[in-house]
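Student: One structure, as structure tokens, below. Some questions next.
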Amino acid sequence: MKHSFYGKVYAQGYEIGTDASATVGFYLEQWKRLGGKSPVLEPMCGTGLNLIPFLEAGAVCDGLDASEHMLEVCRKKLHELNLTCNLYHQNLEAMELRQRYAFIMIPDGSFGHISDKAVAAQCLKRLQAHLLPDGWLVFDVRPPAFMSVFGEHGAVDHELTDYPDGSTVFTTGFWQHLEDGKVIRKWNKMERFVDERLVETEVFDYYERLYELVELQSILTTTGFEEIHVTKAYEFNKPPEGKDGIVFCCRHA
Ligand SMILES: C[S@@+](CC[C@H](N)C(=O)[O-])C[C@H]1O[C@@H](n2cnc3c(N)ncnc32)[C@H](O)[C@@H]1O
């Protein structure tokens, strides 16, 4: 499986212009609805956009991510806010932690980075193995209809972002639709300029699988999750339609 590795330049600009309030509000609501129990784990936690509000709401949390650069941003924010939690630098597909959790969440469609279905099944097994009895896994993905929101196959686009440290990052992205439109790839070249001089270049090779609802439902059932509720991202009790993100709430037997 190709990894979407989040490098240093991308991680440092990740939160610029991001409003996570709808996602965070929805996941906090699900956590409370499903018992509001700790400990909570967020694999693929990134810079902590979700993890930190959970800590502030009183949950005892751990985070895990494949990118040391994303974790570094998260660690800095935790320090500034005087919050504590364990942050593990691991890949989800090989996740091995000492503890089990009452609630595991993967918001923001991040599970789609697991672009190989066999690896997705392996990840769901790792997630189940880390749940306490009656613990809940809540995560969301985007469906194939979401492809129309992305750039067309072969399209090139550009972005210019001013970073808080005064540098400017110019990104050139090349879109590809793979596996009959089920996997999106965006190959990004990020060039960082300081005082009009190029100081750093980084590649961010983004992969996301767009999952059919039934496809994941079947893997979840095979994995042994007993109760599986499906809802629209991020509105509880509304069925997902068309391009809507799909949230799965799954209980460990
Ligand atoms: C959309 S971003 C994270 C969003 C996150 N919810 C936040 O609040 O910042 C997706 C994250 O998944 C991580 N990731 C991608 N593939 C992974 C894998 N196989 N195992 C663990 N983390 C992974 C990336 O490093 C990145 O931080």
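Student: Quick one: in the range 44-54, which of the residues that are closer than 13 Å to GLY25 by Cβ and out of contact with any strand residue (DSSP E or B) (no Cβ under 8 Å at 6 or more places or on another chain) is nearest to the ligand (Cβ to nearest atom)?
Tutor: LEU49
Student: Oh, and also: Return a yes/no flag: does the range 156-169 have any residue that is among the aromatic types (Phe, Trp, Tyr) and open to solvent by 60 Å² or more (accessible area, probe 1.4 Å). Explain how you work it out, then say what you get.
Tutor: From the range 156-169, those among the aromatic types (Phe, Trp, Tyr) are 163; that's our starting set.
Checking the rest, the ones that are also open to solvent by 60 Å² or more (accessible area, probe 1.4 Å) come to none.
Taking every residue of the range 156-169 in turn, none turns out to be among the aromatic types (Phe, Trp, Tyr) and open to solvent by 60 Å² or more (accessible area, probe 1.4 Å).
Matching residues to (1) away from the ligand (no atom under 12 Å from the Cβ); (2) touching a residue at least 40 places away in the same chain (Cβ under 8 Å); (3) out of contact with any His (no Cβ under 7 Å at 6 or more places or on another chain):
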site: LYS2; (1), (2), (3): no, yes, yes
site: VAL9; (1), (2), (3): yes, yes, yes
site: GLU42; (1), (2), (3): no, yes, yes
site: GLU56; (1), (2), (3): yes, no, yes
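Student: Here is a follow-up. So the check is Cβ under 7 Å with 6+ separation or different chains; which pairs have a first residue in the range 208-223 that's farther than 21 Å from VAL149 by Cα and a second one that's open to solvent by 70 Å² or more (accessible area, probe 1.4 Å)?
Tutor: From residues that are farther than 21 Å from VAL149 by Cα, the pairs are THR223/LYS125.
Student: Then there is this: Among the aliphatic types (A, V, I, L, M), open to solvent by 20 Å² or more (accessible area, probe 1.4 Å) and touching a residue at least 40 places away in the same chain (Cβ under 8 Å): does that describe LEU198?
Tutor: Values: among the aliphatic types (A, V, I, L, M): yes; open to solvent by 20 Å² or more (accessible area, probe 1.4 Å): yes; touching a residue at least 40 places away in the same chain (Cβ under 8 Å): no.
Judged against the criteria, LEU198 is not a match.
Student: Here is a list: MET105, MET147. Which entry is in contact (Cβ under 8 Å) with a residue 12 or more places away in the chain and within 24 Å of GLU15 (Cβ to Cβ)?
Tutor: None of the others qualify; the one that does is MET105.
Student: Wholly within the range 95-165, which strands (runs of 3 or more DSSP E) include no fewer than the required count, namely at least 2 residues that are closer than 17 Å to LEU216 by Cβ?
Tutor: 101-106, 131-141
Student: Can you tell me which of THR23, THR18, THR84 is within 13 Å of the ligand (Cβ to nearest atom), farther than 21 Å from CYS249 by Cα and of a type outside the set (D, E, K, R)?
Tutor: Answer to the check: THR18.
The values are calculated or read from the model by the stated rules, or taken from the named source; none is laboratory data. Keep in mind the model is a prediction, meaning the values are calculated, not measured. With ideal geometry, Cβ positions are generated from the backbone for all residues, glycine too; neighbour counts draw on all protein chains shown. SASA here: full protein model, heavy atoms, side chains in, ligands and nucleic acids out. Shrake-Rupley method; radii C 1.70, N 1.55, O 1.52, S 1.80 Å.
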